[in-house]
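Data block below; observations after.
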4 protein chains.
Amino acid sequence: MKTFQLHPQIVGADALHLVNKDKPVLRDGEVLVKMRAASLNYRDLVVARQTNREQPRVPLSDGAGDIVDRHPSATRFNINDRVIPFFYPDWIEGSPSAKKQQRALGGSIDGVLTEYLAVHETALAKMPEHLTYAEAATLPCAGVTAWHALFERSPIVPGSTVSMLGTGGLSTFALQFAKAAGARVAVVSGSEEKWAEARSRGADYLVNYKTTPEWSKKLLDWTNGEGVQNVLDAGGPRTLDQSLAAARVGGNVSVMGILGGVEGAVGPMPILLKQLNVRGIYVGSGEMLSRLTQFLAVNKIHPVINSMFAFDDAPQAYLALEKAQHVGKIVISFD
Amino acid sequence: MKTFQLHPQIVGADALHLVNKDKPVLRDGEVLVKMRAASLNYRDLVVARQTNREQPRVPLSDGAGDIVDRHPSATRFNINDRVIPFFYPDWIEGSPSAKKQQRALGGSIDGVLTEYLAVHETALAKMPEHLTYAEAATLPCAGVTAWHALFERSPIVPGSTVSMLGTGGLSTFALQFAKAAGARVAVVSGSEEKWAEARSRGADYLVNYKTTPEWSKKLLDWTNGEGVQNVLDAGGPRTLDQSLAAARVGGNVSVMGILGGVEGAVGPMPILLKQLNVRGIYVGSGEMLSRLTQFLAVNKIHPVINSMFAFDDAPQAYLALEKAQHVGKIVISFD
Amino acid sequence: MKTFQLHPQIVGADALHLVNKDKPVLRDGEVLVKMRAASLNYRDLVVARQTNREQPRVPLSDGAGDIVDRHPSATRFNINDRVIPFFYPDWIEGSPSAKKQQRALGGSIDGVLTEYLAVHETALAKMPEHLTYAEAATLPCAGVTAWHALFERSPIVPGSTVSMLGTGGLSTFALQFAKAAGARVAVVSGSEEKWAEARSRGADYLVNYKTTPEWSKKLLDWTNGEGVQNVLDAGGPRTLDQSLAAARVGGNVSVMGILGGVEGAVGPMPILLKQLNVRGIYVGSGEMLSRLTQFLAVNKIHPVINSMFAFDDAPQAYLALEKAQHVGKIVISFD
Amino acid sequence: MKTFQLHPQIVGADALHLVNKDKPVLRDGEVLVKMRAASLNYRDLVVARQTNREQPRVPLSDGAGDIVDRHPSATRFNINDRVIPFFYPDWIEGSPSAKKQQRALGGSIDGVLTEYLAVHETALAKMPEHLTYAEAATLPCAGVTAWHALFERSPIVPGSTVSMLGTGGLSTFALQFAKAAGARVAVVSGSEEKWAEARSRGADYLVNYKTTPEWSKKLLDWTNGEGVQNVLDAGGPRTLDQSLAAARVGGNVSVMGILGGVEGAVGPMPILLKQLNVRGIYVGSGEMLSRLTQFLAVNKIHPVINSMFAFDDAPQAYLALEKAQHVGKIVISFD
């Protein structure tokens, strides 16, 4: 079968190379998934750029496919079931733990950019029926992260305010989900050419962080000086100061990404003075993915796909992601 | 000013009679509200039928109007602000208590079926701008009850299942709110002529409890045998057995009304065996009303009005409610 | 190895008979536990009295022992580790579900009254070091039930009021745990000869339900008319009316046992009028057992053992439980 | 009556001067409290050092006294009731808000270092009967802060791990409360001469941050590498890096003080990578104070008083606080 691997001695998108491997042999409880689509996250660029890879690694965490075989002990799914592998195969449900997060697809273990994937039957969710493989392939990392931030820890109250950064895959999900749950949403985005699209998905307010570096002030204006109830920060250390400044007293700030890099430090006094709840959100559990798929099905929500690449063109998909000019997700289709 | 009162010696809708009284004199912290509309709840029939009234009582809890005067110490609102009085003037926020629920408009204290109402400024919410007085007048009891059951105690997870009984004011609110928050909703209603309307508001599934007395079985089918995550029961002792039977393991059952009467007893074993969360919901706090108005504004939701009566025709409004053939709320307009 | 079984054609304690069986053969992920002690719950009497047994069943859910062997694929424990099997082997963590509760030791599957038990390594907790096997054997059902009711669903606030019924194993646990967590505790018990012992464990208030059938009134007095914040009801349908009457507005009532039988019905109006939270508690998850063992270790709490029987005398242990004159737990020691 | 004021033009403890003023005249809903004791917090040093005082300000937030008079409209308390004023008179209950926190005793409004204090009857808690005025005077700021951090936002699970910094008033409270609620507690303290006292109050583990600047590593050792479940940080920007490092995956970090100063910035990556919950705790509501007093009464806990000063010696009390060599609280007794 065809598989992409990141080469141990190469750093960046060039590390990707196509190899031929034997199909995996199923162990106890495992099923074999014929992958049909995969999607990229910013995290996959970070992984590709890592310099400490000791062995080849199959990249990407997010994909969808069909069950084509199963070990005799695996009974949960049937052949031909359409499934989505969990980002963390061992984080089935409940609170996070170091142990549950140790194995992550396309990071500490091999990922989904491969024709066939062997995975334990407890680490898969059923695809919602209304989605294509390409759409379903966008969910495990970005979709679950947005869901987790909005609905799993002190869930947003319908009608309350939510702000988010950017118009990439994660923020587009957060916008779609928050609107479908009845919230009032502001999007902080430096690309005004994408605002119309954000508005068409329900964005109630838009701020340009390039022309307004202190964009928190605009969000305070938007909320009559009160501040935002639920601030989603996918930027990391460099945007968190503004996010803390934008939050209302007693508000929630979700630290859920590092699009602005991992360097930088933040003055914590607003956390104390405004009694904020600052929560780290690092993807989520399999149960969260299941709840997300149920939510998408009930509300007939389709993930926003920016562009599609063929399996053999995976390196181009990486390049497209690096340009960061997309709204929505970049997908690789295996057909 | 003109005011309706329930006569102490008369029981039922006949108890209503119109009197002339002086305008109230404002005390510390109070404002004067010129009422513009009021709405009826099943509870108002129960109050009218009570036989232990010791003095005349102004009926109805739910209304909306304009601030036309204020005590010098009252500073929270301005003249002409459009406002909605709280059902419980002393339950501003937080958990319920006997003390907070002691005073209730149109029950233990005088209500809103009057031209002018004196009320403490802490016991009022601002009207959402997109609503008429008639629409806003429907919120304090039925609207808040539906909101409380859905979003205040273990809030519904978007995408999860919700069931409700009937197509009256309370259930119509619950249907509108649950759909706007992304839930999957079943309505149990004996009046198939109203199903089209429920469907138009998003109902995903309908069951006729008259033709299917064991309607819980239909809800189990609807959920592939799993049971409903959030069961709203407005019927009381006579419907609760079916509601408990319809709930999934670990599910929530909201006991929020007594449309079927107060008599009857329930076998509690399903609570234990299915580890249910059964919660009594008796209207709610002022903060809940405020969150509700914010939710309605963001989602441009309009309460469903079944019929409107003039102030002097209030007795006819009671008769219309008794017939219980309405979808949505019965409103009295004061203009 | 020696094993007790409940005979399919015999009902009651007489159903117990001793057989010789082969040691179990370990399957993937399983370990072999040499049981060292087991304890009885009221539920075990109910199981013995069931008339619909289709095959012999090894009874009892609660035990403790040593790991003496493991399948090569089982790596979580070491030989000689002291462990406690979960009541529900498949309810590891998270919310309950029908699937997680399907298999229960000594009920739907074979239990622990056997010399050797094969169990999946994910369905075991480590014993706290300060406990004997006999003490540890009391935890999986009664200990976890008390823990679940007090600390897992809207955890009790330290300093708040808790009431419980009886002085059996479950209530004695609840008393110990609630006091160690800083609560104020009332015990409703018909056996005044056991009150001194309850007081020595910290009971702040005692009521005799035999001499005061409307014992809820005493609990209202105890709380200055306010009612109890957390009412634990292990009696079932016949005591629940009093439990609902004893609860404060907004209070919690845990339905956690059926010591008074499964028959009977309850007037649900107090649930509505006092906005109660009535929660079914049916044992709990493995994670709850782990948190419980941690709590016991930190607070050096020892379960209260009423009497000990030898393995071969298991039938006498059943008879002792039937008399229901015990404080604390009845234990069978295998040595 | 005698009153201390902070002089507008003087900065630091020298700003304190004693004046004679008229007794306050009671307004609607107010009672007059004869103060009997007050206590100091680090925050009072910060207030004294502020340079932007526009008018004289009566300092200190924490005190206790007797009700000696009441406005006719005030009915909640009786003459001679022993009471404790709330830190924030307008934060009665519920979530924080800018409005509720606007008025704070001894900060934005006059405080309790005065013989007579007029306060609205809704802004007082009853003293627990087992406490002296001096003991009760320690609760509103430090006591409530410790209570809030431990029990109000995702309450600590009994048996779980808690760490705290220092042996001052706030940390001594946190140690007492956490132990009475059944937790396992580590204290990070640079003063080994105070360790015996901390141990006598139940501290399970002690770390010296002076000899071990990377004290988080010791806390990781203490928890077998897992990290602490509930980290209380009273140090502020300079200690928060270590606090974040000490927390376990999914753990809680309470940002509740600025003993190390307000300057400094923190690398937020551990919040993301360990999915922490970082919560700002800035004192708390009146309801929290009431729950705290109930907790103290049930568990017969007495606040730890380090030293007592007479009313006229208030400046010496400030000097003692500045030396920061105390265990427990510094109190001013008015008798």
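The values are calculated or read from the model by the stated rules, or taken from the named source; none is laboratory data. These numbers come from a predicted model, not from an experiment. Counting neighbours? That spans all protein chains shown, and the Cβs are built from the backbone with ideal geometry, glycine included. All accessible areas refer to the heavy atoms of the entire protein, side chains included, with ligands and DNA or RNA removed. Shrake-Rupley method; radii C 1.70, N 1.55, O 1.52, S 1.80 Å.
Restricting things to Cα coordinates, could you compute the convex hull volume per residue of segment C:192-233 in Å³?
About 84 Å³ per residue, rounded to a whole number.
How large is the accessible surface per residue of segment A:45-197, computed with a 1.4 Å probe and reported in Å² as a whole number?
Here the per-residue accessible area is 33 Å².
From the convex hull of the Cα coordinates of the protein assembly as shown, what is the mean projected area in square nanometres?
About 50.8 nm², averaged over all directions.
For peptide B:287-294, how many partner chain Cβ atoms fall within 10 Å of a residue's Cβ, on average?
Mean partner shielding for this stretch: 2.
One quarter of the convex hull surface, Cα atoms only: what value does that give for segment B:19-90 in nm²?
6.0 nm²
Once amide H atoms are built 1.01 Å from N in the peptide plane, which residues 5 or more positions from A:V278, or in another chain, come under 5 Å H to H?
A:V253, D:V278, D:R279, D:G280
What number results when the radius of gyration of segment A:250-317, computed over Cα atoms, is divided by 2.2 N^0.38 Å?
In units of the globular-protein estimate, segment A:250-317 measures up at 1.65.
Quick one: plug the Kirkwood hydrodynamic radius of segment D:165-221 (C-alpha pairs) into Stokes-Einstein at 10 °C, 1.306 mPa s, and report D in µm²/s.
After rounding, the answer is 141 µm²/s.
Need one value for B:96-102: mean number of C-beta atoms belonging to other chains within 10 Å of its residues' C-beta atoms.
Mean inter-chain Cβ contacts per residue within 10 Å come to 4.
What whole-number volume per residue, in cubic angstrom, does the convex hull of the C-alpha atoms of segment D:1-59 give?
So the per-residue hull volume is 112 Å³.
Just the number, please: carbon plus sulfur as a percent of the accessible area of segment A:170-217, 1.4 Å probe, no ligands or DNA/RNA counted.
Solvent-exposed carbon and sulfur of segment A:170-217 make up 48 percent of the total.
Taking the Cα centre of chain D as origin, sum charge times position over the Cβ atoms of Lys and Arg (+1) and Asp and Glu (-1), and report the length of that vector in debye to the nearest 20.
Roughly 520 debye, rounded to the nearest 20.
Report Rg (one decimal) and Dmax (nearest whole number) for segment A:197-335, counting Cα atoms only, units Å.
In order Rg, Dmax, the Cα atoms of segment A:197-335 give 17.7, 54 Å.
Translational diffusion coefficient, Stokes-Einstein: compute it for segment D:66-123 using the Kirkwood radius over C-alpha pairs as Rh, at 20 °C and 1.002 mPa s, and state it as an integer in µm² s⁻¹.
172 µm²/s
P(r) for segment B:219-263, please, calculated from all Cα pair distances in 5 Å bins and given in %.
For segment B:219-263, the pair-distance distribution reads 6, 27, 29, 19, 12, 6, 1.
How much FRET efficiency would the formula 1/(1 + (r/R0)^6) give for B:H302 and D:W195, where r is the Cβ-Cβ distance and R0 is 60 Å, rounded to 0.05?
0.35
Please name whichever of B:L165, B:L240, B:P213 sits farthest to the positive end of the charge dipole of segment B:142-264, dipole taken about the Cα centre and charges placed at Cβ: Lys and Arg +1, Asp and Glu -1.
Positive-end residue among those listed: B:L165.
Need one number: buried accessible surface between chains D and C, 1.4 Å probe, both sides summed, DNA, RNA and ligands left out, in Å² to 100.
Buried: approximately 1200 Å² between C and D.
For segment D:1-139, report the translational diffusion coefficient in µm²/s to the nearest whole number, using Stokes-Einstein at 10 °C, 1.306 mPa s, and a Kirkwood Rh over Cα pairs.
The calculation lands on 104 µm²/s.
Regarding chain A, what are the three Cα extents along the principal axes, ordered largest first, in Å?
60, 40, 37
What Kirkwood hydrodynamic radius, in Å, does segment A:151-264 give when the mean of 1/r is taken over all pairs of distinct Cα atoms and then inverted?
13.7 Å
In debye, nearest 20, what is the charge dipole magnitude of the protein assembly as shown about its Cα centre with +1 on Lys and Arg Cβ and -1 on Asp and Glu Cβ, if you could check?
So the magnitude is around 0 debye.
Note down the relative contact order for chain A as a percent, whole number, built from C-alpha pairs under 8 angstrom at least six residues apart.
After rounding, I find 19 percent.
Suppose every Lys and Arg Cβ carries +1 and every Asp and Glu Cβ carries -1, with no other charges. What dipole size does segment C:12-57 come out with about its Cα centre, to the nearest 20 debye?
120 debye
Of the beta bridges DSSP finds with both residues in chain A, what % are antiparallel, to the nearest 5?
Of all bridge pairs located within chain A, approximately 55 percent are antiparallel.
Could you work out how far apart the two model spin labels at D:N78 and C:D312 are, taking each label as a point 7 Å from the Cα in the direction of the beta carbon, and quote it in nm?
Result for the modelled spin labels: 6.9 nm.
Suppose we keep just the DSSP beta bridges with both residues in the protein assembly as shown; what percent of those would be antiparallel, to 5?
Roughly 55 percent of the beta bridges in the protein assembly as shown run antiparallel, per DSSP.
To the nearest 10 Å², what's D:H7's accessible area with a 1.4 Å probe?
In the full protein context, D:H7 sits at about 60 Å².
Partner chain Cβ atoms within 10 Å, averaged over the residues of D:179-185 - can you pull that number for me?
Mean number of neighbouring Cβ atoms from other chains: 6.
When the gyration tensor of segment C:108-173 is built from Cα positions, what are the square roots of 5 times its three eigenvalues, in whole Å, from largest to smallest?
Its equivalent ellipsoid spans semi-axes of 27, 14, 13 Å.
If you restrict to DSSP beta bridges whose two residues both lie in segment D:21-109, what percentage is antiparallel, to the nearest 5?
So the antiparallel bridges amount to about 90 percent of the total.
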